[in-house]
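**Student:** The structure that follows is given in the form of C-alpha cells.
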Amino acid sequence: MTQDELKALVGQAALQYVIPGEVVGVGTGSTVNKFIDALASLKDQIPGAVSSSEASTARMRALGIPVLNASEVTELSVYIDGADEIDARGFMVKGGGAALTREKIVAAMSRRFVCIADESKMVPVLGAFPLPVEVIPMAAARLMRQFQQMGGKAHVRLKDGQPLVTDNGQHILDVTGLQITDPLGFESQVNQWPGVVTVGVFAHQKADVCLLGTPGGVKTLSF
C-alpha cells in the first residue's frame, strides 16, 4: 500500500472514536485531511468540530462540517490528529504543518487524544524529525543559541524565501541534532524559555491511542 492509502485507512478507522452528539477536535495535516473527508459522512450526527488550523477549518467548511470556536466549547470527547513522530509511550513530535500551538490547545481540551499515523512515524527515540518550536520573532536568535548549547542546530522555517508566519503571527524554529530521551522533562524545560510560544514535543498532551497504518491493516496501540 502507498503512504497515501495508509493515511486514508487510519483516517477512516478514526471515525469509530467520534461520539454522536458530541463535538470533535480536529488536527491538521495530510493524514488528518483523510479523516476530515471521512468525517463528512457523520456531519449530521455531531454538533460540529473545533479546528486546530485555518487550513483544517477551510476543508471542513467546504464539506459542510460546522466549525465551532474553541471558546464556545468546555470540553471535547476526543481529539484526532496526526504526528511527525510517535514513540512507544505515546509521546510525539508535532508541528511539521506549523499548527502546533493550536493543536496543543485543542489537545488540552480533550478527554482523549487519538493519533492517526502511518508506520513510518513510529520511532524508538524522538528527535530525528526536525523539532518545530513556535517562537516570538524577537527571541528567535537567542533561542537558536540556547538550542545550540543543548547540541541542537536551529533554523527559522522559511516560506517563499521569507520566515513562515503561523496562524498566530509568529515564526517557527526547526531544530535538528536532538535525541529527546525524556520528552516530559524536555517539554517542561523548553516551555520555560522566554520567547517560546509552544514546543512541538507533545508529552504532557500525549496520545492515548495511536491508529497506525501498516500494510497488514490498522494497528491499534493504547498508552
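The values are calculated or read from the model by the stated rules, or taken from the named source; none is laboratory data. In this text the structure is predicted, and so the values were computed from the model without any measurement. As a convention, Cβ positions derive from the backbone with ideal geometry for all residues, glycine included, and neighbour counts pool all protein chains shown. Please note that ligands, DNA and RNA were not included when accessible areas were found on the heavy atoms of the full protein model with its side chains. Shrake-Rupley method; radii C 1.70, N 1.55, O 1.52, S 1.80 Å.
**Student:** So, of the residues in the range 111-134 that are in contact with a strand residue (DSSP E or B) (Cβ under 6 Å, 6 or more places away or on another chain) and not in a strand (DSSP E or B), which turns out to be surrounded by the fewest Cβ atoms within 10 Å (Cβ to Cβ)?
**Tutor:** Glu119
**Student:** Go through the range 135-159 and give me each residue that's of a type in the set (A, V, I, L, M) and in a helix (DSSP H, G or I).
**Tutor:** Met138, Ala139, Ala140, Ala141, Leu143, Met144
Results for (1) closer than 18 Å to Gly82 by Cα; (2) aliphatic (A, V, I, L, M); (3) more than 15 Å from the chain's Cα centre (by Cα), shown as yes or no for each residue.
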residue	(1), (2), (3)
Arg111	yes, no, yes
Ile116	yes, yes, no
Met138	no, yes, yes
Met144	no, yes, yes
Phe147	no, no, yes
Asn168	no, no, yes
Asp182	no, no, yes
Ala203	yes, yes, no
Lys206	yes, no, no
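**Student:** Six or more apart or on different chains, Cβ atoms under 6 Å: show the pairs whose first residue is in the range 1-28 and more than 23 Å from Gly48 (Cα to Cα) and exposed (fewer than 14 other Cβ atoms within 10 Å of the Cβ) and whose second is at pLDDT below 95 and not β-branched (Val, Ile, Thr).
**Tutor:** Close Cβ pairs (under 6 Å, with a partner that is at pLDDT below 95 and not β-branched (Val, Ile, Thr)) amount to Gln3/Asp118.
**Student:** Return a yes/no flag: does the range 136-159 have any residue that is closer than 24 Å to Phe35 by Cα and open to solvent by less than 40 Å² (accessible area, probe 1.4 Å). Walk me through how you get there before you give the answer.
**Tutor:** Our first condition is that a residue be closer than 24 Å to Phe35 by Cα; within the range 136-159, this holds for none.
The answer is no, given that none of the residues of the range 136-159 is closer than 24 Å to Phe35 by Cα and open to solvent by less than 40 Å² (accessible area, probe 1.4 Å).
**Student:** Where in the range 1-97 are there helices (runs of 4 or more DSSP H), lying wholly inside it, with at least 1 residues that are at positive phi and among the small types (Gly, Ala, Ser)? Spell out the reasoning first.
**Tutor:** Values: elements: 3-13, 30-39, 54-62.
Here the list is empty.
**Student:** Further, regarding this structure: Output the residues belonging to the range 59-81 that are in contact with a Gly (Cβ under 8 Å, 6 or more places away or on another chain) and open to solvent by less than 10 Å² (accessible area, probe 1.4 Å). First the steps, then the outcome.
**Tutor:** To start, the set of residues in the range 59-81 that are in contact with a Gly (Cβ under 8 Å, 6 or more places away or on another chain) comprises 65-68, 76, 78-81.
Across the range 59-81, the qualifying residues are Ile65, Leu76, Val78, Tyr79, Ile80, Asp81.
**Student:** Mind checking which residues of the range 178-200 are farther than 19 Å from Ala139 by Cβ, loosely packed, with under 15 Cβ neighbours inside 10 Å and touching a strand residue (DSSP E or B) at 6+ places or on another chain (Cβ under 9 Å)? Steps first, answer last, please.
**Tutor:** Within the range 178-200, the subset farther than 19 Å from Ala139 by Cβ is 179-185.
Checking the rest, the ones that are also loosely packed, with under 15 Cβ neighbours inside 10 Å come to 179, 181-182, 184-185.
Residues satisfying the conditions are Gln179, Thr181, Leu184.
**Student:** Here's a follow-up. Going by the conditions given, is Ile105 within 13 Å of Gln205 (Cβ to Cβ) and part of a helix (DSSP H, G or I)? First the steps, then the outcome.
**Tutor:** Values: within 13 Å of Gln205 (Cβ to Cβ): yes; part of a helix (DSSP H, G or I): yes.
In short, yes.
**Student:** Using the structure shown, decide if Asp208 is open to solvent by less than 40 Å² (accessible area, probe 1.4 Å), closer than 30 Å to Val10 by Cβ, charged (D, E, K, R) and modelled with pLDDT of 95 or more. Give the derivation first.
**Tutor:** On the way: open to solvent by less than 40 Å² (accessible area, probe 1.4 Å): no; closer than 30 Å to Val10 by Cβ: yes; charged (D, E, K, R): yes; modelled with pLDDT of 95 or more: yes.
When the stated conditions are applied, Asp208 does not pass them.
**Student:** Another one. Among the candidates Pro163, Pro124, Pro132, which residue alone is of a type outside the set (D, E, K, R), under 14 Å from the mean Cα position of the chain (by Cα) and over 19 Å from Ile80 (Cβ atoms)? Before the answer, list the steps.
**Tutor:** Numbers: Pro163 fails: under 14 Å from the mean Cα position of the chain (by Cα); Pro124 fails: under 14 Å from the mean Cα position of the chain (by Cα).
Going through Pro163, Pro124, Pro132 in turn, the sole match is Pro132.
**Student:** Then there is this: For the range 129-169, what are the residues that are in contact (Cβ under 8 Å) with a residue 40 or more places away in the chain and charged (D, E, K, R)?
**Tutor:** Pass one, the range 129-169, residues in contact (Cβ under 8 Å) with a residue 40 or more places away in the chain: 129-136, 138-140, 142-143, 146, 157, 164, 166-168.
If the condition is that a residue be in contact (Cβ under 8 Å) with a residue 40 or more places away in the chain and charged (D, E, K, R), then Glu134, Arg142, Arg157, Asp167 are the ones that fit.
**Student:** Is there a residue in the range 191-206 that is under 27 Å from Phe35 (Cα atoms), small (Gly, Ala, Ser) and touching a Pro at 6+ places or on another chain (Cβ under 9 Å)?
**Tutor:** Here is the first cut: in the range 191-206, the residues under 27 Å from Phe35 (Cα atoms) are 198-206.
Pick out the ones that are also small (Gly, Ala, Ser) and you get 200, 203.
Those left that are additionally touching a Pro at 6+ places or on another chain (Cβ under 9 Å): 200, 203.
Yes: the range 191-206 contains one or more residues that are under 27 Å from Phe35 (Cα atoms), small (Gly, Ala, Ser) and touching a Pro at 6+ places or on another chain (Cβ under 9 Å).
**Student:** Which condition number does Leu126 fail, the rest of (1) within 26 Å of Ala88 (Cα to Cα); (2) out of contact with any Pro (no Cβ under 8 Å at 6 or more places or on another chain) being met?
**Tutor:** Only one criterion is unmet by Leu126, namely (2).
**Student:** From the set of residues in the range 160-177 that are in a strand (DSSP E or B) and in contact with an Asp or Glu (Cβ under 9 Å, 6 or more places away or on another chain), which is most open to solvent (accessible area, probe 1.4 Å)?
**Tutor:** First, pick out the residues of the range 160-177 that are in a strand (DSSP E or B): 162-163, 171-176.
With the extra rule that they be in contact with an Asp or Glu (Cβ under 9 Å, 6 or more places away or on another chain), the set shrinks to 171-173.
Working: His171: 38, Ile172: 0, Leu173: 1 Å².
If we take residues in the range 160-177 being in a strand (DSSP E or B) and in contact with an Asp or Glu (Cβ under 9 Å, 6 or more places away or on another chain), then His171 is most open to solvent (accessible area, probe 1.4 Å).
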